[in-house]
Amino acid sequence: MTGTPSERLRHVVRFVRWYLREITGDAAYERHVARHPGRAPTRREYERHRAAHRDHNPEGRCC
């Protein structure tokens, strides 16, 4: 990684923010909303639907 220490720090902060948004599902919800303008569910409805879909369509999960 090259650049000044402040540039490296900004890069690390951006990566950590991206990573946390991916594992918490924030990014997936925002992608869903972008693909369905005008009829996007609330975050709670989205998570319920996503959980129900995972329960009815298991893909390589152990339990």
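The values are calculated or read from the model by the stated rules, or taken from the named source; none is laboratory data. If you're wondering where the values come from, they're calculated on a predicted model, not measured in any experiment. Note that we place each Cβ from the backbone using ideal geometry, even for glycine, and neighbour counts take in every protein chain shown. These area figures cover heavy atoms from the full protein model, side chains too; ligands, DNA and RNA do not enter into them. Shrake-Rupley method; radii C 1.70, N 1.55, O 1.52, S 1.80 Å.
With n ≥ 4 as the cut-off for DSSP H runs, can you work out [θ] at 222 nm for the chain, using -39500 (n - 2.57) per run divided by the number of residues, rounded to the nearest 500?
-23000 deg cm²/dmol
The C-alpha atoms of the chain define a longest principal axis, and helix 5-24 lies at about 10 degrees to it.
Pairwise Cα distances in the chain exceed 19 Å in 53 percent of cases. Rolling a 1.4 Å probe over the heavy atoms of the protein chains gives the chain an accessible area of 89 Å² per residue. Projected label points at residue 19 and residue 31, each 7 Å from Cα along the beta carbon direction, are separated by 1.9 nanometres.
In whole percent, and with a 1.4 Å probe on the protein chains, what portion of the accessible area of the chain is carbon and sulfur?
On the way: 3200 of 5610 Å².
Carbon and sulfur atoms account for 57 percent of the accessible area of the chain.
Label positions at residue 8 and residue 44, each projected 7 Å from the Cα along the C-beta direction, are separated by 4.6 nm.
For the chain, the longest principal axis of the alpha carbon atoms and the long axis of helix 26-35 meet at an angle near 70°.
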